[in-house]
Amino acid sequence: FSVSCVTLIRMLKVVVTGVNGFVGGHLVRELKSRGHEVVGIGREKTPSPDAKKYSNKYLVCDLTDESQVAGLDLNSVDAIINLAGLANVGASFGAEDLYKKVNVDVLAKLGEKLLAAKSKTRLVAISTGAVYGSNQPVPLTENSKVITQGSPYAMSKLAMEDVARDLKKRGLDCIMVRPFNHTGPGQLPGFLIPDLYEKLA
């Protein structure tokens with residue numbers, strides 16, 4: 001007795017903000033390999049090689065500018081994965097206001113636009129594992145303690161999480177993820193592994 005089963009996977013239209021960054025390049029390649037339609041958004045006039053190769057469309061937008069966000073066409077979008085932000089922990093010291101503006105305001109402006117349109121689009125807010133306190137049992141869970149003091153980068157992500165929770169309470173399909181350190185081809189200096197490699201070299 002055998003059963004032949006065909007699984008149908010609906011192809012999605014996915015917007016990736018911050019598409020020109022390290023993670024964005026890997027993400028659009030993965031999405032494209034699964035047959036999804038990808039729209040990349042970046043501040044740069046010219047897309048990165050990966051963004052150009054794997055995005056169906058590339059849009060230039062400063063997502064901290066409310067008027068530019070208002071002009072985005074997000075109709076028929078299934079999901080927005082918000083990678084737009086500042087992620088260099090060391091550089092965040094002395095730039096607290098900038099990190100808060102970018103890492104918090106981008107999500108807030110996208111969320112408000114979707115709420116105003118009564119959109120069913122899922123908004124994925126990318127936080128960080130750096131928000132967890134270090135002195136607690138592992139493995140960590142979503143209920144593990146978070147820091148009350150830390151780098152401006154980590155604190156900006158906690159503030160962003162507050163915005164994400166508020167958007168969800170108001171009816172937006174908004175979820176958060178807290179990725180830990182990652183590395184790979186294309187990661188620039190200013191992050192742990194590339195900096196260690198440079199010192200070793």
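Considering 138, 124, which residue is out of contact with any helix residue (DSSP H, G or I) (no Cβ under 7 Å at 6 or more places or on another chain) and part of a strand (DSSP E or B)? Answer to the check: 124. Within segment 55-69, if we keep just the residues that are open to solvent by 70 Å² or more (accessible area, probe 1.4 Å) and not β-branched (Val, Ile, Thr), the residue that is nearest to residue 11 (Cα to Cα) turns out to be 56.
The residue that is most open to solvent (accessible area, probe 1.4 Å), counting only those in segment 86-112 that are more than 15 Å from residue 125 (Cα to Cα) and of a type in the set (S, T, N, Q), is 88. For the structure I just gave you, tell me whether residue 176 is surrounded by 20 or more Cβ atoms within 10 Å (Cβ to Cβ), at negative phi and touching a residue at least 40 places away in the same chain (Cβ under 8 Å). So residue 176 fails the test.
Within segment 112-121, the only residue that satisfies the criterion of being in contact with a helix residue (DSSP H, G or I) (Cβ under 6 Å, 6 or more places away or on another chain) and of a type in the set (S, T, N, Q) is 121. For segment 186-194, the criterion of a residue being over 22 Å from residue 61 (Cβ atoms), of a type in the set (S, T, N, Q) and at pLDDT 95 or above is satisfied by no position.
Looking at segment 16-27, can you tell me whether even one residue there is in contact (Cβ under 8 Å) with a residue 60 or more places away in the chain, open to solvent by 20 Å² or more (accessible area, probe 1.4 Å) and more than 24 Å from residue 175 (Cβ to Cβ)? No, there is no match, as no residue in segment 16-27 is in contact (Cβ under 8 Å) with a residue 60 or more places away in the chain, open to solvent by 20 Å² or more (accessible area, probe 1.4 Å) and more than 24 Å from residue 175 (Cβ to Cβ). In segment 147-170, the residues that are more than 14 Å from residue 102 (Cα to Cα) reach residues that are aromatic (Phe, Trp, Tyr) and assigned to a loop (DSSP other than H, G, I, E, B) with C-beta atoms within less than 8 angstrom, at least six apart or across chains, in these pairs: 151/93.
Restricting attention to segment 85-110, the residues that are among the small types (Gly, Ala, Ser) and farther than 16 Å from residue 18 by Cα add up to 5. Scan 151, 127, 134, 144 and give me the residue that is surrounded by 13 or more Cβ atoms within 10 Å (Cβ to Cβ), at pLDDT 90 or above, polar (S, T, N, Q) and over 14 Å from residue 88 (Cα atoms). After applying the criteria, what remains is 144. Here's a check for you: in segment 99-140, which residue that is polar (S, T, N, Q) and within 20 Å of the chain's Cα centre (by Cα) is nearest to residue 14 (Cα to Cα)? If we take residues in segment 99-140 being polar (S, T, N, Q) and within 20 Å of the chain's Cα centre (by Cα), then 121 is nearest to residue 14 (Cα to Cα). The residues of segment 28-54 that are in contact with a helix residue (DSSP H, G or I) (Cβ under 7 Å, 6 or more places away or on another chain) and open to solvent by 50 Å² or more (accessible area, probe 1.4 Å), listed by number, are 29, 32, 50.
The values are calculated or read from the model by the stated rules, or taken from the named source; none is laboratory data. Quick caveat, the model's predicted, so the values are computed rather than measured. Quick reminder, even Gly has a Cβ in these numbers, built from the backbone with ideal geometry, and neighbours come from all protein chains shown. Just the protein is used for accessible areas: all its heavy atoms, side chains included, with ligands, DNA and RNA removed. Shrake-Rupley method; radii C 1.70, N 1.55, O 1.52, S 1.80 Å.
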